[in-house]
Amino acid sequence: MSVINVIEPATERILESLEQTAPSDLDAMVTRASSAQRKWASETPQTRAQVLLAIATEIDRNLEEIAHLEARNVGMPINDARGAVAGAAATFRYYAAAPERLLGQTIPVAGGVDMTFREPIGVVGLITPWNYPLTIAAWKVAPALATGNAVVLKPSEMTPLSALRLRDLAVAAGLPEDLFHVVLGPGSTLGRQLVDHPTIGKIAFTGSTAVGKEIARRAADGIKRVTLELGGKSAALVFADADLDAAAQGLAGAVFGNSGQDCCARSRVFVQRPALDLFLEKLQDVVDNLRVGDPLAESTQMGPLISAGHAMTVADYVEAAPVLFRGSAPSGDGYWFPPTVLYPIEDDHRAAREEIFGPVVAILPFDDEQEAITRANDTVYGLAGSIWTSDAARSLRVARGLTAGALAVNSYSSVRVTTPFGGFKQSGLGRELGPDAVDAYTEVKNVFFNTSPNA
Ligand code: NAD
């Protein structure tokens, strides 16, 4: 029996030791999920809707407990963790409306009536990363179940606790237990088994671009459906006419939120040259005042990084880069890293091109609008981005010019349950959230009905 030790990043202590799922157990779960799925898909839409609503209620009822679990396992500040749990409940509530709105079309054809149906895919494999474990699990589990699928969820081996809790709550809320399995273990073994499993019809993956590429290649063998939410190196464009206080303040969330371990982190900030000095002054103020420490303390704004290995990776990027200023971080136990601002730095510097996934931001001055768009787009990624300006026409021009999937004007917001989320280029394939997720977990079936009198 292999054991997974789940570590608390703020203390480096073992939070829990869990048994890894054996390959034969995964097989058995998929078989049971497949038969449970057929029954689930034949339930009335109202029944499925009620179960999803009940799951949302259970999550809300246990908000404080789950938030503590997530804060301790991820190192996420407790107030952010509360937001994540409330967001997970909102996701189930939103998709509770989906079963009764799985609308098809009637299409004019010769000789009869033609209609389409949205059918579930079957058993779907869900693979999630460690940075927002509950949030991302909810983005996948809720629409998949709502549309009549069964799910097998493989959370990151570093942060499996909230996924296990979510599954317990879903069953307590009335979900048939074989519709939702959680498997525990490394991606290199269990993740691959899930991707290769012949009964799994789709893989919905969130994680690194490197693993996403491998999953796309392996899924090709079975023409398996895939949704990929991958890495990013998103840009913020701060024009000289912007509200610089708001842009600098917003960066606290956009780059230092979740210790920068955020796929949408705006880790490249292009600042129009006349505003550069003032912006840097305001940013220094933000960094100086950022409260980094115990994730369970109410006042904490930034916690530790996820692991010792990841802290070394982030340090390696910073060691070879020009640091203009940095904030403070606790010393002693925990994988701490201070918020760090890099300047002056060239666009092609490794720290300005690659996803660091830590609280590190590169400041890059620019002169004019077209130059800023071109340089912001000069990346293999295309996940998110922000445009800070008081000129409305410019904000729309720039938004249309940027090759990224989730943009915000005068805001760092990237994600809402009701709107599509996903990346251009190597940041992903397909969209999650909003109505798009319903399409992502269903197949279109077309039926022609012969109405000719001689039929
Ligand atoms: P990762 O790719 O290392 O792992 C993600 C998940 O995939 C984990 O559950 C892991 O066990 C599993 N896995 C690893 N190798 C696998 C394989 N060969 N086959 C199948 N599964 C495998 O990513 P991570 O380090 O956990 O997360 C950080 C990355 O996730 C960053 O690149 C970040 O940008 C990305 N991310 C993207 C989004 C998004 O929505 N676009 C959101 C959050 C995180």
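For the reader, a short list of remarks on this structure follows.
- Ala351 being over 29 Å from Tyr335 (Cα atoms), within 16 Å of the ligand (Cβ to nearest atom) and not in a loop (DSSP other than H, G, I, E, B): no
- Matching residues in the stretch 121-154 - criterion: being within 14 Å of the ligand (Cβ to nearest atom), not in a strand (DSSP E or B) and not aliphatic (A, V, I, L, M): Thr128, Pro129, Trp130, Asn131, Tyr132, Pro133, Thr135, Trp139, Lys140
- Whenever a residue of the stretch 318-330 is modelled with pLDDT under 95, its partners that are surrounded by fewer than 18 Cβ atoms within 10 Å (Cβ to Cβ), lying with C-beta atoms within less than 8 angstrom and at least six residues away or across chains, give the pairs Ala320/Arg350.
- Identity of the residue in the stretch 155-172, within 11 Å of the ligand (Cβ to nearest atom) and among the polar types (S, T, N, Q), that ends up farthest from Ile14 (Cα to Cα): Ser156
- The condition of being over 20 Å from the mean Cα position of the chain (by Cα), within 27 Å of Met1 (Cα to Cα) and of a type outside the set (A, V, I, L, M, F, W, C) holds for only one of Pro198, Pro186, that being Pro198.
- Filter pass, Glu346 being charged (D, E, K, R), surrounded by fewer than 19 Cβ atoms within 10 Å (Cβ to Cβ), under 20 Å from the mean Cα position of the chain (by Cα) and farther than 30 Å from Arg13 by Cα: no
- Single residue of the stretch 1-58 satisfying the filter (charged (D, E, K, R) and in contact with an Asp or Glu (Cβ under 7 Å, 6 or more places away or on another chain)) that is nearest to Phe92 (Cα to Cα): Arg32
- Taking the criterion of being in a helix (DSSP H, G or I), within 16 Å of the ligand (Cβ to nearest atom) and touching a residue at least 24 places away in the same chain (Cβ under 8 Å), the residues of the stretch 75-120 that qualify are Asp80, Ala81, Ala84, Gly87, Ala88, Thr91.
- Test result for Leu175, crowded, with 20+ Cβ neighbours inside 10 Å, more than 12 Å from the ligand (Cβ to nearest atom), part of a loop (DSSP other than H, G, I, E, B) and at pLDDT 95 or above: yes
- Filter result for Asp294 (under 19 Å from Pro9 (Cα atoms), of a type in the set (D, E, K, R) and within 14 Å of the ligand (Cβ to nearest atom)): no
- Of the numbered criteria (1) surrounded by 15 or more Cβ atoms within 10 Å (Cβ to Cβ); (2) of a type in the set (Ser, Thr, Tyr); (3) without any contact (Cβ under 8 Å) to a residue 60 or more places away in the chain, the one Thr300 fails is (3).
- Residue count for the stretch 201-237, restricted to those that are out of contact with any Lys or Arg (no Cβ under 7 Å at 6 or more places or on another chain) and more than 20 Å from Gln426 (Cβ to Cβ): 4
- Tabulated pairs, the stretch 39-62, first outside any loop (DSSP other than H, G, I, E, B) and surrounded by 15 or more Cβ atoms within 10 Å (Cβ to Cβ), second modelled with pLDDT of 95 or more and among the basic types (Lys, Arg), C-beta under 6 angstrom, 6+ apart or interchain: Ala56/Arg93
- Restricting attention to the stretch 13-31, the residues that are farther than 30 Å from Ser307 by Cα and either touching a strand residue (DSSP E or B) at 6+ places or on another chain (Cβ under 8 Å) or of a type in the set (Phe, Trp, Tyr) (or both) total 2.
- Residue count, the stretch 1-32 (criterion: under 30 Å from Pro338 (Cβ atoms), of a type in the set (D, E, K, R) and in a strand (DSSP E or B)): 3
- Flag if Gly125 is at pLDDT 95 or above, closer than 27 Å to Ala41 by Cβ and over 21 Å from the mean Cα position of the chain (by Cα): no
- Single residue of Ser395, Ser386, Ser307, Ser390 found to be under 25 Å from the mean Cα position of the chain (by Cα), under 24 Å from Asn410 (Cα atoms) and either crowded, with 22+ Cβ neighbours inside 10 Å or of a type outside the set (Phe, Trp, Tyr) (or both): Ser386
- Filter result for Arg32 (out of contact with any helix residue (DSSP H, G or I) (no Cβ under 9 Å at 6 or more places or on another chain) and either farther than 23 Å from Gly293 by Cβ or not basic (Lys, Arg) (or both)): no
The values are calculated or read from the model by the stated rules, or taken from the named source; none is laboratory data. Keep in mind the model is a prediction, meaning the values are calculated, not measured. Positions of Cβ are backbone-derived with ideal geometry, glycine not excepted, and every protein chain shown enters the neighbour counts.
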